[in-house]
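The structure appears right after this line, and notes come after that.
All of the numbers you see were taken from the coordinates with simple rules; none came from a lab. Note that the structure is a prediction, hence the values are computed from the model and not measured. Neighbour counts are summed over all protein chains in view; Cβ atoms, including those assigned to glycine, are modelled from backbone coordinates with ideal geometry.
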């Protein structure tokens, strides 16, 4: 897909981190970008900087998602690009755990499991279906592409750590969707790929102590540092612009393989 001002994109979770870097990179190639996020202040600021549009969206709400796509399309036209970066972490707890002092057995809180699945997995699929349905209204471009979708999973999908059942399940689900969606949409000339980031220097991790970040960086074989959001954006750009890139889930992790804890 050749990028220019005739192309529009929707970036979920686009107000910060991986999504922000992708929004900035696409805008630098002339793409008109709609930022979907819950953070109004950051989203509106970024949209103004890149001459895009901000839409307040909770991806767990079908009404929010429908309204946001309608708002974005009215402002910048039907998108040919969707990048799903909206997601949550947290919820670290063992499936069941015994308190060492009291002996009390605690189960993982199912409401937390459901919340993470709702945002990371169902929210991603909800946006895929809404965006792809809109893409079908457009004719294919001269290169054959009608649209391109990039999803965000995590290396946790393959290397789930202790206490991360909910997060790992949500991201493994995104990986599981990828090839099916690519095959479902192949006849309509819409491609779908997924990135599995490793340990990236995003706002979620920036809250950690410097000693913690240094320890995480030391675990990466090479380069021994945290990933940069701009590097995620570079891979997303390649997935979007390379017409033969389809149905792939790609780790972007400096060759790290996560230990059990």
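Take residue 215 and residue 38, extend 7 Å from each Cα along the Cα→Cβ direction, and tell me the distance between the two endpoints in nm.
The answer from the label model is 2.8 nm.
If I model a spin label as a point 7 Å beyond the Cα along the Cα-Cβ vector, how far apart are those points for residue 238 and residue 188 in nm?
About 2.8 nm, to one decimal.
If I take every Cα pair under 8 Å that is 6 or more residues apart in the range 1-130, average their sequence separation and divide by the length, what percent do I get for the relative contact order? Don't jump to the answer; show the numbers that get you there.
Details: 218 pairs, mean separation 31.5, N = 130.
Relative contact order for the range 1-130 comes out at 24 percent.
How many angstrom separate the Cα center of the range 199-261 from the Cα center of the range 61-86?
What the calculation gives is 26 Å, centre to centre.
In degrees between 0 and 90, to the nearest 10, how far off the longest principal axis of the chain does helix 62-76 point, with axes built from Cα atoms?
Orientation of helix 62-76: about 40 degrees from the principal axis.
Rounded to the nearest 5, what % of the DSSP beta bridges within the chain are antiparallel ones? Each step should come with its number before you reach the end.
Numbers: 3 of 31 bridges.
Among the beta bridges of the chain, antiparallel pairing accounts for roughly 10 percent.
Provide the gained length on full extension for the span residue 49 to residue 2, in nm with one decimal, where the gain is 0.36 nm per separating residue minus the Cα-Cα distance.
Answer, rounded to one decimal: 14.6 nm.
Fewest first, what order do 231, 104 take by the number of other Cβ atoms within 10 Å? Could the numbers behind the result be given before it?
Numbers: 231 16, 104 9.
Fewest-to-most Cβ neighbours within 10 Å comes out as 104, 231.
Once both axes come from the Cα atoms, what is the angle between helix 17-28 and the longest principal axis of the chain, in degrees from 0 to 90, rounded to 10?
Result, in degrees: 20.
Let me have the relative contact order for the range 8-252, percent, based on Cα pairs under 8 Å that are six or more residues apart. The partial results should precede the final answer.
Working: 468 pairs, mean separation 48.5, N = 245.
Once normalised by length, the contact order is 20 percent.
Please order 116, 190 by the number of other Cβ within 10 Å, starting at the fewest. Intermediate results must be reported in sequence, preceding the final value.
Working: 116 22, 190 25.
In increasing order of surrounding Cβ atoms, one gets 116, 190.
Rounded to the nearest 500, what is the chain's calculated 222 nm mean residue ellipticity when only DSSP H runs of at least 4 contribute -39500 (n - 2.57) each, over all residues? Mind dumping the intermediate values first?
On the way: 9 runs with 106 residues, N = 261.
The helix-only estimate for the chain comes to -12500 deg cm²/dmol at 222 nm.
Rank 106, 115, 24 by mean-square fluctuation in a GNM of the chain with C-alpha springs under 10 angstrom and give only the top-ranked residue.
It is 106.
Can you give the angle from 0 to 90° between the axis of helix 123-135 and the longest principal axis of the chain, with both taken from C-alpha atoms, to the nearest 10?
10
So if each residue of separation counts as 0.36 nm, and I subtract the Cα-Cα distance between residue 230 and residue 75, what length gain in nm does that give? Write down the numbers at each step before the final one.
Details: separation 155, 0.36 × 155 = 55.80 nm, distance 2.63 nm.
Net length gain for the segment: 53.2 nm.
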